[in-house]
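Enquirer: Starting off with a structure, shown below.
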Amino acid sequence: MVNWANFVSQLFNGLVLGALLALMASGLTIIYGTLGVLNLAHGAMFMLGGYAGWLAFTYTNSFVVAVIAGSLFVMLVGVVMERVIIRYFYARPHEDQLLVTFGLGIVFVETVRFFFGSLSRTVPAPPGLVGITPLGFMLYPTYRLALLGIVLVALLALYLVLYRTRIGMVVRAGIEDSAMVDALGIDVHKVFMLVFGIGALAAGFAGIVNAPVVSIAPDVGEAILVQTFTVIVIGGVGSFPGAVLGGLIAGEIISLTSMFNPGYSQVMLFVAMTLVLVLRPYGLLGTAGRE
Amino acid sequence: MAHRDVSLRKSLSRRQLLKDSAAVAGGMGALSLGQFIPWVGASAEDKPAIGTWPAGSQGDTVNVAAAVPRTGTYAVQGEDELKGWQLAVEHINNGDPLLQKIAPKVTKGLLGKKVNLLAADSAAKPNQAVQEIQTFINQNKIVLMTGSTSSAVAVALNKFAQREKVLYVTGISGSNDTTGKDCVRYGFRQNFYGETAANAIGPVLVKQFGKNRKAAFMTPDYTYGHTVTKSVNDYLNQNAGWQMVTNQVSPLGTQDFSQYLTNIANSGAEFLINVNWGRDAVLSIQQAKQFGLLPKMTLVVPYQIPFLAKETGPELTAGVYAATDFWWTLEDKYPLAKMFVDAFTKKYNYRPDWGANNAYMSFAIWARMVSQAGSFYPPDVIKQYEKGETFPSTVGDVHFRKEDHQLVRPVVIVRGKAPKDMKNSEDYWEVLDVLPGEPLMQKPDAFGCNLGDYT
């Protein structure tokens, strides 16, 4: 169904999806870039953000409280996870890191299922953002429009922290060469904990702000985790701008392909990833030498 | 990444599965090689060993196993099914009056043996389900397997059952293929399916909405989705000139349907015929509302999803037409339905949906066939099914068709109630009609069924 209206609509869809993927991917990529740990529990943390927010919402009826509770709870989970478990894995092989984070992901998902069951839970969009907005070329859910704004603000905040603060400078230096940062007398362990916390915060925030769009269930993080990995491979592992660019590219690939045949949209995403790996193995904005 | 993800999870759940069944396996551990050893003189009936027979039925307990989705897109429906099987096994073991109505020769246990149910999470993945059932066959010598809630699993287990020569009764399976081109001698289906759903709901839609309408379909990308969409579209197109303006095919487990819904918004459709199932159906319907497609378009659910109204909220299912297998208010019409709903509600504190009913009935029917045949010997049990005897069920009298092992049973047409019309918190659907099964079914050979051998 290729026509002008549909093309513009899908382009817009891609932007919204892409922004969300960019946010998820930036959390994952700064953790990987700094700590060298590929966090397979990132999808489960996205889910945890949704549930923590939903729980807060049922008690307070406030969306803002839900967003804050969801983000902070997952940040806390991230910090505890790093202190109690992950830090013992920095020196161990990648396979061990993958297994431990994958295992934690399962623990998170099944714990939530144990307490809340598998039934979908809904967090309604805040009043004022409910309903549909006519965009001229299409009708668009108002909350999804707002979501685009919310996510862009979050990405901007993340950018400011990483590029305009001292701590951000240390984090970026850590991505380039953590041994050198250590040698300069900066406590990298504290930085590592902080980075893990910020990465987790991004996942939790994404989870709760996305909850009014996709109602939550214990498995909600599974699909987005896979897409997020594709995004950081396309954008360049460890690169924040790469995560943003990769997210937008992935969103558009999925949306525009589905105009012709939705069945191929995921496939095209992997085709794009494969092309990037062949032509530019370290990703579009990545740096050779980083893992 | 996707691959690693899947294989890791598989190995973990396998381990869990082994652990869970260890207790049972302990008692039967000595038999673990039994499958490969001919059981000379083991049977007084002097029949050669086949599948898990006679090894599986020589002790005082027989094992049956379910591979059921407890995680993923169909987890909610899988849990409900599992409860139905558990209740049936309990009723077989204590000779419950309801079970005896369906299987009069069952007293306490089956042919003097206690039935033990084993279960593992299939996540609605065919390869995972087959692996788990293989383990149950090797370790527990199961005499019956069940599971699905995805026809992809049902079709895979059908073929596996035929190869292993162990009986299989499907869980929820809506594909025409299950008793069509992928039918097997060792597989049996209790519930309704694409063709009967289409022929049941088609006339209702045409009567209600007239001819020459435009419909958008949403179809999950596997055997269930494709066959149900084809059956429904064929009926509406050939009998009333309805036009399929778009068919949005999505993979199982899709979260964000915005791309699909955008295509539908630009298609000019008046009807949204949603064949998606489980959580896919919940999400696509909620998001169709967000995009303003609902209530502008009329939503139709040709193959009912247990707990749909509960998950989306009754506002979204009000006025929606659906074809289904069972709904609890049928207790007013059928005494056995009342007994079933009462027993289930007492045990689990909620009213069963059709997945639990299907699970209960498929086990109760199996108990009937085994007890009538007087043997666990699979070919004898199969021949008992194939006699096509009429017997009572929770939706009136039913019988099996010997040519394709499909139960001839009614299809129920329901319409969603508005919240203000609900008499209690589970009163989501109004039963409009219960249509006899026979006229809704295709000719037994129309979908290319070839059952295969008994031995």
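The values are calculated or read from the model by the stated rules, or taken from the named source; none is laboratory data. On a predicted model such as this, the values are computed, not experimentally measured, just so you know. Note: ideal-geometry Cβ built from the backbone for every residue, glycine included; neighbour counts use all protein chains shown.
Enquirer: Tell me yes or no: at least one residue of the stretch A:259-268 is away from every other protein chain (no Cβ under 14 Å) and buried (at least 18 other Cβ atoms within 10 Å of the Cβ).
Expert: No, that holds for no residue.
Enquirer: Within the stretch B:264-280, which residues are farther than 19 Å from A:LEU148 by Cβ and part of a helix (DSSP H, G or I)?
Expert: Once the filter is applied, which keeps residues that are farther than 19 Å from A:LEU148 by Cβ and part of a helix (DSSP H, G or I), the stretch B:264-280 yields B:ILE264, B:ARG279, B:ASP280.
Enquirer: Now a separate question. Since B:ASP445 meets every condition but one in (1) at pLDDT below 95; (2) of a type outside the set (A, V, I, L, M); (3) surrounded by 14 or more Cβ atoms within 10 Å (Cβ to Cβ), which condition does it not meet?
Expert: So B:ASP445 meets the others, but not (3).
Enquirer: A follow-up question, please. Can you tell me which of (1) assigned to a helix (DSSP H, G or I); (2) touching a Gly at 6+ places or on another chain (Cβ under 8 Å); (3) surrounded by fewer than 19 Cβ atoms within 10 Å (Cβ to Cβ) is the one B:GLY319 doesn't meet?
Expert: For B:GLY319, the exception is condition (1).
Enquirer: Next question, about the same structure. Could you pull out the residue among A:LEU277, A:LEU248 that is in contact with a helix residue (DSSP H, G or I) (Cβ under 8 Å, 6 or more places away or on another chain), surrounded by fewer than 22 Cβ atoms within 10 Å (Cβ to Cβ) and within 30 Å of A:GLY131 (Cα to Cα)?
Expert: After ruling out the rest, the residue left standing is A:LEU248.
Enquirer: Note down all Cβ pairs under 9 Å where the first residue falls in the stretch A:201-218 and is within 14 Å of chain B (Cβ to nearest Cβ), the second is assigned to a strand (DSSP E or B) and surrounded by 24 or more Cβ atoms within 10 Å (Cβ to Cβ), and they're at least six residues apart or on different chains.
Expert: A:GLY207/A:ILE216; A:ASN210/A:ILE216; A:VAL213/A:PRO141
Enquirer: Enumerate the pairs (first residue in the stretch B:267-291 and assigned by TED's automatic domain parsing to the domain that holds B:THR73; second residue anywhere and among the charged types (D, E, K, R)) with beta-carbon separation below 9 Å, excluding pairs fewer than 6 apart on the same chain, so at least 6 apart or on different chains.
Expert: Between residues of the stretch B:267-291 that are assigned by TED's automatic domain parsing to the domain that holds B:THR73 and residues that are among the charged types (D, E, K, R), there is no close pair.
Enquirer: Please list, ordered by first then second residue, the pairs with beta carbon atoms under 7 Å, 6 or more apart or interchain, first in the stretch A:158-176 and within 20 Å of A:LEU23 (Cβ to Cβ), second among the hydroxyl-bearing types (Ser, Thr, Tyr).
Expert: Short answer, once both residue conditions are applied: A:LEU158/A:SER26; A:VAL171/A:THR34; A:ILE175/A:THR34.
Enquirer: Can you name every residue in the stretch B:396-424 that is within 24 Å of B:TYR350 (Cα to Cα) and either in contact with a Phe, Trp or Tyr (Cβ under 8 Å, 6 or more places away or on another chain) or at pLDDT below 95 (or both)?
Expert: Within the stretch B:396-424, B:GLY396, B:VAL411, B:VAL412, B:ILE413, B:VAL414, B:ARG415, B:GLY416, B:LYS417, B:MET422 qualify.
Enquirer: Determine, yes or no, whether A:ILE150 is within 10 Å of chain B (Cβ to nearest Cβ) and of a type in the set (Val, Ile, Thr).
Expert: In short, no.
Enquirer: Right, something else. What about B:THR227, is it more than 14 Å from chain A (Cβ to nearest Cβ) and of a type outside the set (A, V, I, L, M)?
Expert: When the stated conditions are applied, B:THR227 passes them.
Enquirer: Moving on. Specify the residue that is farthest from A:TYR264 (Cα to Cα); the eligible residues are those in the stretch B:203-224 that are of a type in the set (D, E, K, R) and away from chain A (no Cβ under 14 Å).
Expert: Taking the candidates together, the pick is B:LYS207.
Enquirer: Could you say which residue among B:LEU252, B:LEU283, B:LEU261 is outside any strand (DSSP E or B), surrounded by fewer than 22 Cβ atoms within 10 Å (Cβ to Cβ), out of contact with any Gly (no Cβ under 7 Å at 6 or more places or on another chain) and within 14 Å of chain A (Cβ to nearest Cβ)?
Expert: That would be B:LEU252, the only listed residue that is outside any strand (DSSP E or B), surrounded by fewer than 22 Cβ atoms within 10 Å (Cβ to Cβ), out of contact with any Gly (no Cβ under 7 Å at 6 or more places or on another chain) and within 14 Å of chain A (Cβ to nearest Cβ).
Enquirer: A further question follows. Quick check on B:LYS296: is it assigned to a loop (DSSP other than H, G, I, E, B), farther than 19 Å from B:VAL228 by Cβ and modelled with pLDDT under 95?
Expert: yes
Listed here are the residues, each with its yes/no results for (1) away from chain A (no Cβ under 14 Å); (2) buried (at least 24 other Cβ atoms within 10 Å of the Cβ); (3) assigned to a loop (DSSP other than H, G, I, E, B); (4) at pLDDT 95 or above.
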position: B:ALA44; (1), (2), (3), (4): yes, no, yes, no
position: B:ALA65; (1), (2), (3), (4): yes, yes, no, yes
position: B:THR71; (1), (2), (3), (4): no, no, yes, no
position: B:GLN77; (1), (2), (3), (4): no, yes, no, yes
position: B:GLU81; (1), (2), (3), (4): no, yes, no, yes
position: B:GLY84; (1), (2), (3), (4): yes, yes, no, yes
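Enquirer: Separate question: Condition test on A:VAL109, is it buried (at least 22 other Cβ atoms within 10 Å of the Cβ), within 14 Å of chain B (Cβ to nearest Cβ), over 16 Å from the mean Cα position of the chain (by Cα) and not polar (S, T, N, Q)?
Expert: Spelling it out, A:VAL109 is indeed buried (at least 22 other Cβ atoms within 10 Å of the Cβ), within 14 Å of chain B (Cβ to nearest Cβ), over 16 Å from the mean Cα position of the chain (by Cα) and not polar (S, T, N, Q).
Enquirer: Looking at (1) within 20 Å of the chain's Cα centre (by Cα); (2) away from every other protein chain (no Cβ under 14 Å), which is the only condition A:LYS190 fails?
Expert: Of (1) within 20 Å of the chain's Cα centre (by Cα); (2) away from every other protein chain (no Cβ under 14 Å), only one is false for A:LYS190: (1).
Enquirer: Take A:VAL195 and tell me if it is within 10 Å of another protein chain (Cβ to nearest Cβ) and among the β-branched types (Val, Ile, Thr).
Expert: So A:VAL195 does not fit the description; no.
Enquirer: Moving to a separate point now. If we keep just the residues of the stretch B:98-137 that are polar (S, T, N, Q) and in a helix (DSSP H, G or I), which is nearest to B:VAL395 (Cα to Cα)?
Expert: Across the stretch B:98-137, the extreme among qualifying residues is B:GLN100.
Enquirer: Let me ask another. Looking at the stretch B:238-249, can you tell me whether even one residue there is buried (at least 24 other Cβ atoms within 10 Å of the Cβ), in contact with a Pro (Cβ under 7 Å, 6 or more places away or on another chain) and part of a strand (DSSP E or B)?
Expert: yes
Enquirer: So which residues in the stretch A:30-56 are more than 14 Å from chain B (Cβ to nearest Cβ) and over 22 Å from B:GLN255 (Cα atoms)?
Expert: Listed by number, the residues that qualify are A:ILE30, A:ILE31, A:GLY33, A:THR34, A:LEU35, A:GLY36, A:VAL37, A:ALA56.
Enquirer: Follow-up question, since we're still on this one. Inspect all residues belonging to the stretch A:77-100 and state whether any of them is surrounded by fewer than 24 Cβ atoms within 10 Å (Cβ to Cβ), over 27 Å from A:LYS190 (Cβ atoms) and touching a residue at least 12 places away in the same chain (Cβ under 8 Å).
Expert: No, there is no match, as no residue in the stretch A:77-100 is surrounded by fewer than 24 Cβ atoms within 10 Å (Cβ to Cβ), over 27 Å from A:LYS190 (Cβ atoms) and touching a residue at least 12 places away in the same chain (Cβ under 8 Å).
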